[in-house]
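Please treat every number below as a calculation from the coordinates, not as lab data. Computed from a prediction, not measured in an experiment: that's the story for all the values here. Ideal geometry is used to build each Cβ from the backbone, glycine not excepted, and the neighbour counts take in all protein chains shown.
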Amino acid sequence: MNETAYGWLHNWESFHVFCDWDGGTRHVDAEEKSFALLWADRAKRARVLDVPAAVREELLRFLPRDDDEPER
């Protein structure tokens, strides 16, 4: 978890603790709902694009580069 102010406000992260005495279904149901919203591009803080759309919009230039990769 990124517990900086920026991480709490801008990142899409989750932390899960499962207890064997309740079966964990509540956590699984919540994660399935969150993923379904993300997959359907209906999440409030995320935008989902396929790779061809990301290329058209030149979004791949924001990917972090490897240390041995030349600058873009």
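To check my understanding: the extent here is largest minus smallest coordinate of the Cα atoms along each principal axis. What are those three numbers for the chain, in Å, largest first?
Extents along the principal axes: 52, 27, 23 Å.
I want to verify a result. In a Gaussian network model of the chain, Cα cutoff 10 Å, which of these has the top mean-square fluctuation: 37, 49, 60?
60
Just to be sure I understand the model, the point goes 7 Å from the Cα along the line to the Cβ. What's the resulting residue 46 to residue 16 distance in nm?
Here the answer is 1.3 nm between the modelled labels.
Using +1 at the C-beta of Lys and Arg and -1 at the C-beta of Asp and Glu, which of 60, 19, 36 has the Cα lying farthest in the positive direction of the dipole of the chain?
36
Helix-derived [θ] at 222 nm for the chain: sum -39500 (n - 2.57) over DSSP H runs of at least 4, divide by residue count, nearest 500?
Numbers: 3 runs with 27 residues, N = 72.
Helix contribution divided over all residues of the chain: -10500 deg cm²/dmol.
Any idea what the dipole of the chain comes to, in debye rounded to 20, about its Cα centre with Lys/Arg Cβ at +1 and Asp/Glu Cβ at -1?
Charge dipole, the chain, about its Cα centre: 480 debye, nearest 20.
Name the residue, out of 12, 39, 21, whose mean-square fluctuation peaks in a Gaussian network model built on the chain with Cα pairs under 10 Å.
Judging by the Gaussian network model, the answer is 21.
So how tilted is helix 25-39 from the main axis of the chain? Cα-based, degrees 0 to 90, rounded to 10.
30
Would you work out the relative contact order for the chain, in percent, from Cα pairs under 8 angstrom that are 6 or more residues apart?
17
For the chain, set up a GNM with springs between Cα atoms under 10 Å and report which of 20, 41, 29 has the largest fluctuation.
Per the Cα network of the chain with a 10 Å cutoff, 20 tops the list.
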